[in-house]
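Taking it in order: structure first as structure tokens, then the write-up.
Bear in mind these aren't lab numbers, they're just calculated from the coordinates by the rules spelled out. These figures come from a predicted structure and were not determined experimentally. Glycine gets a Cβ as well: all are built from the backbone with ideal geometry, and neighbour counts include every protein chain shown.
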Amino acid sequence: MTSVVILAVGGVGAWIYQDLNNNINSADVDDKLGGDRPENLSPGSKNILVVGSDSREGANAKYGNKKDLTTMQSDTLMVLHVPADRKWAAVVSFPRDSWVKIPACDMGNGKTSSPHKGKINEAFAIGGTSGEVAGAAACSIKTVEAHTGLRIDHFMSVDFSGFKGMVDALGGIEVCPEQAINSDKARLKMKAGCQNVDGETALGYVRVRYGVGDGSDIGRIGRQQEFMNALVKKAKEKLTSPNALYGFLQSATKSLTTDPDMAGIQPITALANELKGIPSERLAFLTVPNYPREADVPTDLANVVWQYPQAANLFTSLAKDKEMTKAQLQTAVKDLVYASQVRVQVLNGTGVSGRAAAVAEKLRAAGFTVAGTGNAPETVTKTAVTFPAGMEKQAAVLSSRLPEARSAASADAAAGVVTLVVGPDLKVEQLD
């Protein structure tokens, strides 16, 4: 959706710049992010965090069940990666049920939250405790950066009411649900088959979760990505009319909050001019590889965990400005190994008592099967992962969580396990 807004702004005439410019809200997050942030490994590239706000305030109050939401929520969380050469782009969706560690965040009420595990969309709620978008965005940025290694350069937050107006300004969007949908929670009743939907119905369609398909957030992300593709195509067809363009951008900009550097028609237009030459087939809509956490923790029926090493490889590719296509990612995710299928032997190579036990505890919490702990034959300077022939896939699941560790097959490696020798360079919190 944001890519459509950016591209549409590129066609705006100077006569409405100031009008639209005044619609965009600005929120400064810099003083809430701290100094421990990833570096941009590819100068000239940009990572833009896009949040679909699930707040129930103002015009959004009638959607969903307000008593279930006491704070701001991120209904949709994505990163738009724009490479330095501007020849391709990727939109990466993060399942909002992703089970991750949320760092300490400024809550905007004079308090700081404690680091803890939770759903990734909780970060927006924690930072937005006082109702400030800046705090909500900052906590989401800190969480995404901590788990991806991607430097977030800008953010955009779009609310529900603006989404409706954009769809209506385009005369509706065609969607093709495979089954009838009847959801009171999403305020949605739809027949099966292709149909043109207005903004109200479109909003329900991209938000509905329960009672459709497998009822998962992953299925909803698929519908959202299909909808965005349809929105892009319709916008290219319809936004040639000044009236349609103006109505679309009025809705879009009124619903938009960005960081100060993006808070204006001019910077958005500049980005639009960089993006509009990218062929549609090289705009990839991707989802962070994941699987149900139940596979590792049988009692957790509500969350998903990211699939390794595939998730790490995706983030590394983007950080290094290497194109990842949807076909490439789909091929990679077929090679699925659960963390619980990886048997790990943890050996303490630091000479500091208790390090193996501490690391083993973190690995168990992450779903790994710890086969045993002990002391390494000698102290080491670097953490290392060794494994016998035939356990390359299992070793990759572990070593991708430890990017600084050396990993290699060894004829002397213990049979049936991946051995982790803990060195002084390994920080236990890296395993969260």
Practice problem: For each of D28, D168, count neighbouring Cβ atoms within 10 Å of the residue's Cβ, then give the residues from fewest to most. | Solution: D28, D168
Quiz item: How long are the three semi-axes of the equivalent ellipsoid of region 339-431, in whole Å, if each is the root of 5 times an eigenvalue of the C-alpha gyration tensor, listed from largest down?
Solution: 18, 15, 12
Exercise. Scan around D159 for amide H atoms under 5 Å from its own, H built in the peptide plane at 1.01 Å from N, and keep only partners 5 or more places away or cross-chain.
Key: S53
Practice problem: Compute the acute angle (0 to 90°) between the alpha-carbon long axis of helix 310-319 and the principal axis of greatest extent of the alpha-carbon atoms of the chain; round to the nearest 10°. | Solution: 60 degrees
Quiz item: In the chain, with Lys and Arg counted as +1 and Asp and Glu as -1 at Cβ, which of these residues, L318, A192, G44, has the Cα nearest the positive end of the dipole, that is, farthest along it?
Solution: A192
Self-check item: Separation of alpha-carbon centers, region 313-330 and region 415-432, rounded to whole Å
Solution: 26 Å
Exercise. Write down the percent of antiparallel bridges among all DSSP beta bridges whose residues are both part of the chain, to the nearest 5.
Key: 50 percent
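Please list, by residue number, every one of the trypsin sites (Lys or Arg not before Pro) in region 337-432 that is coil in DSSP and has at most 11 other beta-carbon atoms within 10 Å.
Listed in order of number, the matching sites are K427.
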Practice problem: Compute the relative contact order of region 2-333 as a whole-number percentage, counting only Cα pairs closer than 8 Å that sit 6 or more residues apart in sequence. | Solution: 25 percent
Quiz prompt | For region 411-417, Karplus couplings with θ = phi - 60° (6.51, -1.76, 1.60), whole Hz, Gly/Pro x | solution = 5, 8, 5, 4, 6, x, 9
Exercise. Would you compute, from DSSP H runs of 4+ residues alone, the mean residue ellipticity of the chain at 222 nm, taking -39500 (n - 2.57) per run and dividing by the full residue count, rounded to the nearest 500?
Key: -9500 deg cm²/dmol
Exercise. Report the paramagnetic label zone for R37: residues of region 127-143 whose backbone N is under 19 Å from a point 7 Å from Cα along the Cα-to-Cβ axis.
Key: 127-128, 133-143
Quiz prompt | FRET efficiency, 1/(1 + (r/R0)^6) with R0 56 Å, evaluated for N243 and D425 via beta carbons | solution = 0.35
Exercise. Please say if region 144-277 is rounded, prolate or oblate, where rounded means a/c under 1.5 for a ≥ b ≥ c the square roots of the C-alpha gyration tensor eigenvalues, and otherwise the choice is prolate for a/b larger than b/c and oblate otherwise?
Key: oblate
Quiz item: In square nanometres, what is one fourth of the surface area of the convex hull spanned by the alpha carbons of the chain?
Solution: 21.7 nm²
Quiz item: So how much slack lies between A409 and D85, counting 0.36 nm per residue of separation and subtracting their Cα-Cα distance, in nm?
Solution: 112.9 nm
Self-check item: For region 43-48, Karplus couplings with θ = phi - 60° (6.51, -1.76, 1.60), whole Hz, Gly/Pro x
Solution: x, x, 7, 9, 10, 10
Quiz item: Given H placed 1.01 Å from N in the peptide plane, which residues other than close sequence neighbours of T369 have an amide H under 5 Å from its amide H?
Solution: V342, V344
Self-check item: Amide proton proximity set for S74, modelled H, under 5 Å, gap of 5+
Solution: D54, F124, A125
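Distance cut-off 24 Å, Cα to Cα: go down the list K334/K362; K164/K238; K46/K238 and report the pairs above it.
Over 24 Å apart, Cα to Cα: K334/K362; K46/K238.
Just need the relative contact order of region 67-176 here, percent rounded to a whole number, with Cα pairs under 8 Å and 6+ apart.
Working: 156 pairs, mean separation 21.5, N = 110.
So the answer I get is 20 percent.
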Self-check item: Inter-label distance, nm, simple model (7 Å from Cα along the C-beta direction), S317/L301
Solution: 3.5 nm
Quiz item: Per-residue HN-Hα couplings for region 397-403, Karplus 6.51 cos²θ - 1.76 cosθ + 1.60 at θ = phi - 60°, whole Hz, x for Gly and Pro?
Solution: 4, 6, 5, 5, 7, 10, x
Quiz item: Using +1 on the beta carbon of Lys and Arg, -1 on that of Asp and Glu, and nothing else charged, what's the dipole of the chain about the Cα centre, debye to 20?
Solution: 640 debye
Exercise. Under 18 Å from a label point 7 Å along Cα→Cβ of E226: give me every residue in region 81-109 with its amide N that close.
Key: 93
